[in-house]
Structure formats: C-alpha cells, structure tokens
C-alpha cells in the first residue's frame, strides 16, 4: 500500500518538484505578495500574458515557477489561436536563454529580449573582471580564446547537453597551456590547474545579436515600452480589480478563469477608451 501511495504521488508530480494536496495541478512557488517576509511557498500557477497597447492578445498557464521555459509554449498557444506568431517579441531577462533565442530566430521573430547578465555587464566591475570571457578575445580562424593575461586557450573537445524540453546545447571546451606562473591567476580562477572553459558558440552569437538590438535606438524604445505593457495589466487586475487569488482549482478551470479575466479586462479597456473619445468629441471649443 505504501509503495502504491508513492507511485500515485510520483504520477501526480510528473516533472515538477511539488504539488498541492488541495489542487494537484498547482505547484508550490514563491509569491511576490510575501507578507511574512520569510520566502514562504504557496501553491499557484505561473500566468503568462502577451499584450499590445495594454490589450491582452493571448494568455497561458504553466505549472513551473520560472519564466524561461514558458515562452515557447506561450507563443505556440498564441499561434494556434491567432494563426500566426507576432513579428516582434519584447520580454525581460527571465526569458533570455539559448533555446528561446533560437526559437525566435527560427520563426523569424525580432527578439527584443534581455539575458540574465545584460545590465550587470555594463558595470565597471564586470568589465574589469579578468575571469569573464566577455572580456577575452576570440580568434575565429584559429578557434582559440586569449585571456586578459595573454594566455591562449586551445580547443579540446565538444560536449552536448539536453534541456528538460529536449533541446540540445552544444558546448566547445577550451583549455590554457599553463596558468601556474601567471600573476593574474588568482583574479581569474580558483582552479588548481589550468583554466578551462566551455562555451556555446550559438548562444554567444545569439546573445551578441540580442545585445546589439537592445542597444539600438529602436530596441531601446521597444524595451522601454514593455514597462508600460504587461505589468500595468497585472497591476490593474490585482490592485484595481482586487483579484489576487484564483477562486477555482485545477489547471483547466483556472485557465478558464484567466480567460474570463482577460476578456473582462479587454472589454473594460475598450469601454474606457470609447468613453474618453466621446468626452473629447463633446468638449466645447473656445
């Protein structure tokens, strides 16, 4: 009986690391509303929305707390509903991984998507860090890296890793010839032997591509625009409408609940715009 109980629990759990006894589809996550300030975990769902001019054009629910693995399923759901993908996607650093960048490029979507170190790499501390390969030089003809101290790291081997979704990442490994007598070694690595690095050349290319777009005038304008798109919509639902927890249980029912919320938000938004336009038309002229 106990073995059967464990097997049933594993079946409910699936690929997750937790589930709620009162809602088996819900996963324990850290919430922004942490009134006790102790990082308490609560059962919930990760809601993703896509907006344009603060109208919700698509939504999706996920049973994982991190945003990285939610982007592709979210866009695929939008594609199935609207018949096409958006031409441009603007997202914050939580979505900037190789798998997402690759998907956006393959689908010819302009990606204005930050990666996790985008803001930190602008700091002087980051730019002076000798251990960061961002501050090294890559020679594409010889396939070598040269560190700040002038040591050359030569290619050694290739390794491959698969993400949880099955996406394969290829890493190229490089190693220096001799770091023992380097006066800068303590500032570069804590490893006892020579410095070895592994690099996904595809991610490096995609990240550089994202950086150029983000730093362009158009990219900066679009990235700033994101600040007034989905966040105010969530804020309107939670603070203005007072909706801070789901009333239903189960992925299917909660998804329906988010659909009702999205529909109500869009209708209220349209009504407010229409009322504003009507008021502008009635305004007497001097």
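Sorting the segments 226-236, 51-61 by their mean number of nearby beta carbons within 10 angstrom, highest to lowest, gives 51-61, 226-236.
Ordered by the count of other Cβ atoms within 10 Å of each Cβ, fewest first, 32, 21, 114 give 32, 21, 114. Mean residue ellipticity at 222 nm, helices only, the chain: -11000 deg cm²/dmol; runs of at least 4 DSSP H residues each add -39,500 (n - 2.57), and the sum is divided by the number of residues.
Rg over Rh for segment 132-200 works out to 1.03, using Cα positions for both radii and the Kirkwood form for Rh.
Taking other C-beta atoms within 10 angstrom as a stand-in for reagent exposure, 158, 148, 258 fall in the order 158, 148, 258, fewest first.
What number does the chain give for Rg over Rh if you use C-alpha atoms and the Kirkwood radius? Checking Rg against Rh, the ratio lands at 1.06.
What's the exposure ranking of 33, 76, going from fewest to most Cβ atoms within 10 Å? Write down the numbers at each step before the final one.
Working: 33 8, 76 14.
So the ranking, lowest neighbour count to highest, is 33, 76.
The C-alpha atoms of the chain define a longest principal axis, and helix 217-226 lies at about 50 degrees to it.
Every read-out reported here was derived from the displayed coordinates using simple, explicitly stated rules and does not represent laboratory data. What you see is a predicted model, and the numbers here were worked out from it, not measured in a lab. Glycine also receives a Cβ, built like all others from the backbone with ideal geometry; neighbour counts cover every protein chain displayed.
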